[in-house]
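For reference, the structure discussed in these notes is given below.
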Amino acid sequence: MASSTGEKGLIVSFGEMLIDFVPTVSGVSLSESPGFLKAPGGAPANVAIAVSRLGGRAAFVGKLGDDDFGHMLAGILRKNGVDDQGINFDKGARTALAFVTLRSDGEREFMFYRNPSADMLLRPDELNLELIRSAKVFHYGSISLITEPCRSAHMKAMEVAKEAGALLSYDPNLREPLWPSPEEARTQIMSIWDKADIIKVSDVELEFLTENKTMDDKTAMSLWHPNLKLLLVTLGEKGCTYFTKNFHGSVETFLVDAIDTTGAGDSFVGALLKQIVDDQSVLEDEARLRKVLRFANACGAITTTKKGAIPALPTDSEALSFLKDKKKRQTYLKFSKLCCTAPPC
C-alpha cells in the first residue's frame with residue numbers, strides 16, 4: 001500500500017555506478033574485439049533505474065568522478081527519474097570503467113579499471129542521511145565492502161536505513177577479480193549476511209559462497225538466517241527458486257535469445273522491489289509472491305535481449321505486454337538477434 005498521501009515508497013540503492021564497455025562482437029577476447037559500445041552500468045545503479053523505469057520511486061547513493069563520465073552517469077540517473085541527491089563527486093579520482101567480454105553464450109567476463117575509482121572513496125560523512133532515512137527499501141551489493149573508506153560508508157548507511165525501519169535488500173553481485181582473494185570475498189560478503197531481510201544470489205554465487213557444487217534446496221538453505229524474510233536463487237534460463245520461513249518453490253523464466261546477460265539480475269531485483277515496496281505482505285503469500293517473481297523473471301529475460309544493462313531495462317508497459325502476449329514473447333525469441341550489432345538506445 002502507498003502512504004496515506006498517495007506517495008509511493010522510496011527504494012534507495014547504494015554502491016557503484018560505472019561505464020561498461022561492451023564488445024561489438026560476441027565470442028571474442030577483449031584484445032580481439034574490433035570495437036566497444038559505451039554502456040552505463042553498475043549493479044546498484046541498474047537496480048535504481050530498473051525501479052524507476054517500472055514506475056517506482058528510486059534514489060541512488062554513491063560517488064562518481066568529477067569528470068565527463070561521472071557527470072554523464074549522473075545525468076542518466078536524472079533522465080531516468082532517479083533521485084540524485086545522494087551522489088557525491090570526487091575531484092581526485094576517476095569514474096570506474098569496466099570492459100565486459102561477451103562469450104558466445106551471452107555470459108560475461110570482466111576487466112575493471114578502478115585503482116582507485118571514485119566509488120571506492122565515498123566517506124561516511126558524505127552520506128545524505130536524510131535521504132537514506134526516507135527509504136522504505138535500502139538495497140546494496142558487496143563491491144562497496146572491498147576497501148575503505150567506502151566499506152565504512154556502506155556500514156553506516158545500512159545501519160541508518162535499518163534504524164529508520166527500511167527493509168534491507170542484499171544482492172552480493174560477486175565480481176571475484178576485484179577481491180584480494182576468494183577467501184576474503186567470502187568473509188566480507190558473509191560479514192553482513194545476517195543484516196538483510198531479502199537476499200538474492202545467482203547459482204554461481206551460491207556455489208561460490210557455499211563451496212558446494214550441488215545446487216539443491218539444502219545447499220540454498222545453508223545460507224538462511226533467522227531474520228531473513230526471502231532468499232532467492234536465480235538460475236539463468238531455468239528461472240529462480242524462492243525460500244521463506246513458511247514455504248519455498250520455483251518459478252520458470254521465459255525463453256528468449258540472449259544477446260547480453262549484463263543487468264538481467266539487476267532488472268529482476270528492481271522488478272521485485274518495486275512490486276513489494278508498498279505491500280510487504282506479499283512476502284507471506286505464496287500465490288502473490290509467485291506472481292511477482294514471474295513479473296521479475298520477465299523483466300530479467302527482456303533485459304538479455306539487448307546489449308548493455310541500463311539501455312535494456314524494460315518499462316512497466318513493455319514487461320506487462322511481454323507477459324500478456326504470447327506472440328510478443330515469440331518475437332523476442334525470433335528477432336532479438338537483430339539487435340546484436342545495434343548501439344544501446
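The values are calculated or read from the model by the stated rules, or taken from the named source; none is laboratory data. Everything quoted here is computed from the prediction, not taken from an experiment. Here the Cβ is made from the backbone with ideal geometry for all residues, glycine too, and neighbour counts use every protein chain on show. These area figures cover heavy atoms from the full protein model, side chains too; ligands, DNA and RNA do not enter into them. Shrake-Rupley method; radii C 1.70, N 1.55, O 1.52, S 1.80 Å.
You will find that of THR214, THR187, the residue that is open to solvent by 50 Å² or more (accessible area, probe 1.4 Å), among the β-branched types (Val, Ile, Thr) and assigned to a loop (DSSP other than H, G, I, E, B) is THR214 and no other. Within the stretch 253-265, at least one residue is touching a residue at least 60 places away in the same chain (Cβ under 8 Å), in a helix (DSSP H, G or I) and crowded, with 21+ Cβ neighbours inside 10 Å.
Against the criterion of being free of Cβ contacts under 8 Å to residues at least 40 places away in the same chain and either touching a Lys or Arg at 6+ places or on another chain (Cβ under 8 Å) or hydrophobic (A, V, I, L, M, F, W, C) (or both), LEU272 does not qualify. Looking across the stretch 123-154 at every residue that is farther than 17 Å from GLN188 by Cβ and among the charged types (D, E, K, R), the one that is surrounded by the most Cβ atoms within 10 Å (Cβ to Cβ) is identified as LYS136. Residues considered: GLY75, GLY27. Of these, the only one that is in a loop (DSSP other than H, G, I, E, B) and either free of Cβ contacts under 8 Å to residues at least 12 places away in the same chain or over 28 Å from PRO116 (Cβ atoms) (or both) is GLY27.
Table: residues versus (1) hydrophobic (A, V, I, L, M, F, W, C); (2) modelled with pLDDT under 95.
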{"site": "LEU102", "(1), (2)": "yes, yes"}
{"site": "ARG108", "(1), (2)": "no, yes"}
{"site": "ASP119", "(1), (2)": "no, no"}
{"site": "PRO124", "(1), (2)": "no, no"}
{"site": "GLU130", "(1), (2)": "no, no"}
{"site": "PHE138", "(1), (2)": "yes, no"}
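All told, VAL160 falls short of being part of a helix (DSSP H, G or I), among the β-branched types (Val, Ile, Thr) and under 27 Å from LEU293 (Cβ atoms). Checked against (1) within 19 Å of the chain's Cα centre (by Cα); (2) not in a strand (DSSP E or B), ASP84 meets all criteria but (2). Of the set (1) open to solvent by 20 Å² or more (accessible area, probe 1.4 Å); (2) more than 22 Å from VAL137 (Cβ to Cβ), all apply to ASP285 but (2). The set of residues from the stretch 224-245 being out of contact with any His (no Cβ under 9 Å at 6 or more places or on another chain) and in contact (Cβ under 8 Å) with a residue 40 or more places away in the chain comprises LYS229, LEU230, LEU232, THR234, GLY239, CYS240, THR244. When restricted to residues that are among the hydrophobic types (A, V, I, L, M, F, W, C), out of contact with any Lys or Arg (no Cβ under 6 Å at 6 or more places or on another chain) and either crowded, with 23+ Cβ neighbours inside 10 Å or within 20 Å of SER202 (Cα to Cα) (or both), the stretch 20-62 contains 11. Taking the criterion of being assigned to a strand (DSSP E or B) and over 20 Å from SER267 (Cα atoms), the residues of the stretch 106-155 that qualify are MET111, PHE112, TYR113.
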